[in-house]
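A quick write-up on the structure given underneath.
Where a number appears in this text, it was derived from the coordinates with a stated rule and is not lab data. Predicted model only: the values in this text are computed from it and were never measured. Positions of Cβ are generated from backbone atoms using ideal geometry, with glycine treated the same way; all protein chains shown enter the neighbour counts.
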């Protein structure tokens with residue numbers, strides 16, 4: 001899996017590609033651990049190039065969401081391919097996470113959430 005992060009419009013965006021499984025989850029977990037030392041209340045996770053996710057990947061995302069929400073922010077997931085989207089629907093995680101279809105929509109969602117807080 002490839003992991004890249006960048007700030008877009010003042011928002012941290014983490015871009016993943018490939019498989020997001022037990023082998024690859026530690027790198028994402030380390031990213032979310034840094035949130036505790038460098039407060040980033042809103043993070044966008046772009047899953048456009050993720051073609052597989054397992055339960056460890058889902059657990060890692062849940063940890064990331066919890067850390068963002070502890071800082072009065074949120075983790076916004078965007079760009080899910082259909083197989084990933086189906087997993088979120090089957091596990092009902094689509095009702096727990098803030099989801100956006102595209103990166104642009106996710107950025108707009110963050111700006112909307114920031115103005116409400």
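What ranking do 93, 99, 77 get, fewest neighbouring Cβ atoms within 10 angstrom at the top? Before the final figure, lay out each step's value.
Details: 93 16, 99 19, 77 25.
Result, fewest neighbours first: 93, 99, 77.
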Check: Relative contact order for the chain using alpha-carbon pairs under 8 Å, separation at least 6, rounded to a whole percent?
Finding: 24
Margin query: Just to be sure I understand: with springs between alpha-carbon atoms less than 10 Å apart, which residue in 56, 102, 91 has the highest mean-square fluctuation in the Gaussian network model of the chain?
Written below: 91
Check: How big is the chain by Rg and Dmax over its Cα atoms, in Å?
Finding: 12.9, 38
Note to self: Need the full-extension length gain, residue 5 to residue 51, defined as separation in residues times 0.36 nm minus the C-alpha distance. One decimal, nm.
What the structure shows: 14.7 nm
Item checked: For the chain, share of DSSP beta bridges that run antiparallel, in % to the nearest 5 -> 30
Next item on the list: On a 0 to 90° scale, report how tilted helix 103-116 is relative to the longest principal axis of the chain, with both axes built from alpha carbons and the result rounded to the nearest 10.
Entry: 40
